[in-house]
């Protein structure tokens, strides 16, 4: 009897430790927002200027088989048929990367991800996603320091790709 309770408890803990995933069949809208004007560091604002479009495109590239073929507009009640992926990137992390020299783990892309489905409330999710250069697998030689600049497009691209991968990995 004790063994059965232990197994049941372990199974419940494993289930609770697994992140929830939204069952997405059709992606109607992808919307990433970054308030670049809130970034006081001019170099950082320039570096991240295209982040909204780049992130939306990276996510779309990973869900092409589920993208709505036409623009989905709200019905008369204001509901959209299909899943909406909304991302709000926190600007403070974007600016702080430029205020000091970075080691591999310091550059981060952090945002609130919200999965909304107006027609199926069980198909929703919300979480904060954080991706660093380290988990984006940007390789920097030991002892070297990576400084973000307009010359580090590879690091930027890997951060965006890793963030998009993190979002799509949570969609069923």
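What follows is calculated from the coordinates using simple rules that are stated; it is not laboratory data. Keep in mind it's a predicted model, so treat the numbers as computed, not measured. When we count neighbours, we look across all protein chains shown, and the Cβ atoms used for this are built from the backbone with ideal geometry, even at glycine.
A few notes on this one:
- Cβ-to-Cβ counts within 10 Å put 43, 70 in ascending order as 70, 43, the fewest first.
- Spin-label model, residue 37 to residue 88: label points 7 Å out along the Cα-to-beta-carbon direction sit 1.7 nm apart.
- Residue 69/residue 172 FRET efficiency (R0 30 Å; Cβ-Cβ; nearest 0.05): 0.90
- Annotation: the residues 128, 161, 76, sorted from fewest to most other C-beta atoms within 10 Å of their own C-beta, follow the order 76, 128, 161.
- Cβ-to-Cβ counts within 10 Å put 71, 52 in ascending order as 71, 52, the fewest first.
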